[in-house]
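Colleague: One structure coming up, written as structure tokens, with questions to follow.
Every number in this text was worked out from the coordinates using simple rules, so none of it is lab data. These numbers were taken from a predicted model, which means no experiment stands behind them. Positions of Cβ are backbone-derived with ideal geometry, glycine not excepted, and every protein chain shown enters the neighbour counts.
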Amino acid sequence: MTEAERRKFRGILEAKQAALTGSLCSRDEIAIEKASDTLDAIQLAGEREAAVRNLDRDSNMLRQIGQSLARIADGSYGICQRCDDEISLKRIQALPWAVYCIRCQEKVDALEIPAYDSWHLFTTAA
Ligand SMILES: [Zn+2]
């Protein structure tokens with residue numbers, strides 16, 4: 001991967017990170033909204049459930065983006081975290097926050113290996 005490509009992906013990742021961080025913050029406001037009656041409460045509960053699912057997905061993506069940015073900084077961006085093979089540029093272009101090559105991603109998905117153990121430990125320890 002060239003320096004120009006790395007810079008381009010860093011820009012994409014930072015923009016995505018900012019967008020996700022913004023939407024996570026606005027969702028916090030929805031979550032603490034008080035229900036005025038039962039119907040509202042039911043509707044809010046449903047919305048909250050959907051919000052939590054989205055939140056989960058977005059938090060995962062944010063973690064992957066954070067890892068990718070750290071890897072751009074230390075020069076290991078674009079290298080699979082499991083097998084040390086290069087992740088194809090085509091895959092990076094489609095998914096700039098990918099941390100695994102396609103073969104490893106399939107294995108991780110199939111086995112449901114907790115993908116971001118070290119990052120998780122890092123954030124909970126902080
Ligand atoms: Zn791999």
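Colleague: Can you report the number of residues in the range 79-96 which are in contact (Cβ under 8 Å) with a residue 60 or more places away in the chain, under 16 Å from the mean Cα position of the chain (by Cα) and either within 15 Å of the ligand (Cβ to nearest atom) or over 22 Å from LEU20 (Cβ atoms) (or both)?
Modeller: 1
Colleague: In addition: Name the residue, out of ARG71, ARG63, that is surrounded by fewer than 19 Cβ atoms within 10 Å (Cβ to Cβ), touching a Phe, Trp or Tyr at 6+ places or on another chain (Cβ under 7 Å) and under 21 Å from THR2 (Cα atoms). Break it down stepwise before answering.
Modeller: Numbers: ARG63 fails: under 21 Å from THR2 (Cα atoms).
ARG71 is the lone residue from the list that is surrounded by fewer than 19 Cβ atoms within 10 Å (Cβ to Cβ), touching a Phe, Trp or Tyr at 6+ places or on another chain (Cβ under 7 Å) and under 21 Å from THR2 (Cα atoms).
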